[in-house]
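Heads up: the structure comes next, in C-alpha cells.
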C-alpha cells in the first residue's frame, strides 16, 4: 500500500507520521492496515463504533447484533478487537495514535502528542494511587487473618 493508496488528500499530521504509516502498511496484517487507514483518512477523531462501521474486516452487522440481547457479547467482542488492534498499532508498530472522549486520531502536532502524554501520565498516576489504596485495604484485612501480602512476591500464609 503506497502513500497515494492510503491518503485521499494531503496528510495534515506532524512530520514523520506519513512515512511511519507507509512502513506499517507494508508490515502489518490486514485488520491492522484497515484500522490504521480508517483513522488516517478521517477528518476528525473516530470512535470504535465508527471503525466497526467503516472497516470491511468487521462487517456492518455488529450494530444489529448489539441490539439483540442474546448476541450483545458478539458486538462487545468486535469493539474489544478494535481496541486491541489500536493497542497493537501503538505498541508493536509505534504509531502515535492519540485518543480521547471523541475517539482516535493521528496527531497534527507535537503539542497534541504532549497534551495526550500528559493526560495519560495523570491517568496512570491516579490509577496507581487507586490501586495502592485498594492494595493497602486488602493488606490490612489479610494481615488480621495471618496472611502476609508482599507486593513483589507471592502470597504467604502464617
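The values are calculated or read from the model by the stated rules, or taken from the named source; none is laboratory data. Because the structure is predicted, anything quoted here is derived from the model rather than measured. With ideal geometry, Cβ positions are generated from the backbone for all residues, glycine too; neighbour counts draw on all protein chains shown.
Descriptive notes on the structure:
- Between 90, 63, the distinction of being closer than 30 Å to residue 23 by Cβ and either modelled with pLDDT of 90 or more or assigned to a helix (DSSP H, G or I) (or both) belongs to 90 only.
- Selection status of residue 20, modelled with pLDDT under 90, in a helix (DSSP H, G or I) and surrounded by 13 or more Cβ atoms within 10 Å (Cβ to Cβ): yes
- Selection from region 21-51 of residues that are without any contact (Cβ under 8 Å) to a residue 40 or more places away in the chain and in contact with a strand residue (DSSP E or B) (Cβ under 7 Å, 6 or more places away or on another chain): 38
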